[in-house]
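A short write-up of the structure that comes next.
None of the figures in this text is laboratory data; all of them are computed from the coordinates on show. Treat the numbers as computed from the prediction; the structure is a model and nothing was measured. Cβ placement follows ideal geometry from the backbone for every residue including glycine, while neighbour counts extend to all protein chains displayed.
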Amino acid sequence: MPTLENWNSFTVTQRHETGCIPTGYEWLIRYLNIQGVNLSNFQEDFDLGQANSFTNIAAKIEQTYPFIKIQAKIFGKSADKVERIKQLINEQTPCLMSLALGGGNGWHIMPVVKVEEPVIEMVHHAVANQNHIWSFQIRDIIWRHDNLPGGNDISWIDKK
């Protein structure tokens, strides 16, 4: 059962005027303990509004912090997406997963913290130093990937 070690030792609260992608990247940076990054206004500095995407925000982060190398991958096959997430978590490499919400609600970007067949657990949000977790059956993640718009990509920071 791949689980990120000590993932619950810190929280990153999304400031509601910013998007979930910059919040997710801040979470990854904090989890990986990457030094030399100004986190005081990180979410505001890297929120691109309507242009928010893994690749757009990653490019801006890498332009500001060239020592951070971010990967993003779009998956055509849902099973490949789930397999890559399992591999990253097993390697103790945190990743962000885009999950389609359905009902015209778009998708949500969340850090994956645990993969325990048949469930994947993600940090949905944090408040008052407490992480709130969403657990989804892997079959439901696959169904959402295959049947709803969006939610077909993941992103992670290359560990040095």
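So how far, in whole Å, is the C-alpha centre of region 108-160 from the one of region 1-64?
Cα centroid of region 108-160 versus Cα centroid of region 1-64: 15 Å apart.
Arranged by the count of other C-beta atoms within 10 angstrom, fewest first, what order do Met122, Met1 take? It would help to have the intermediate numbers written out before the result.
Working: Met122 24, Met1 9.
Ordered by Cβ neighbours within 10 Å, fewest first: Met1, Met122.
Which one of Asn105, Ala79, Thr23 has its Cα pushed farthest toward the positive end of the charge dipole of region 7-157, where Lys and Arg give +1 and Asp and Glu give -1 at the Cβ?
Ala79
Note down the Stokes-Einstein diffusion coefficient of the chain in µm²/s, whole number, using a Kirkwood radius over alpha carbon pairs, 4 °C, and 1.567 mPa s.
Details: Rh = 15.7 Å.
Rounded, D is 83 µm²/s.
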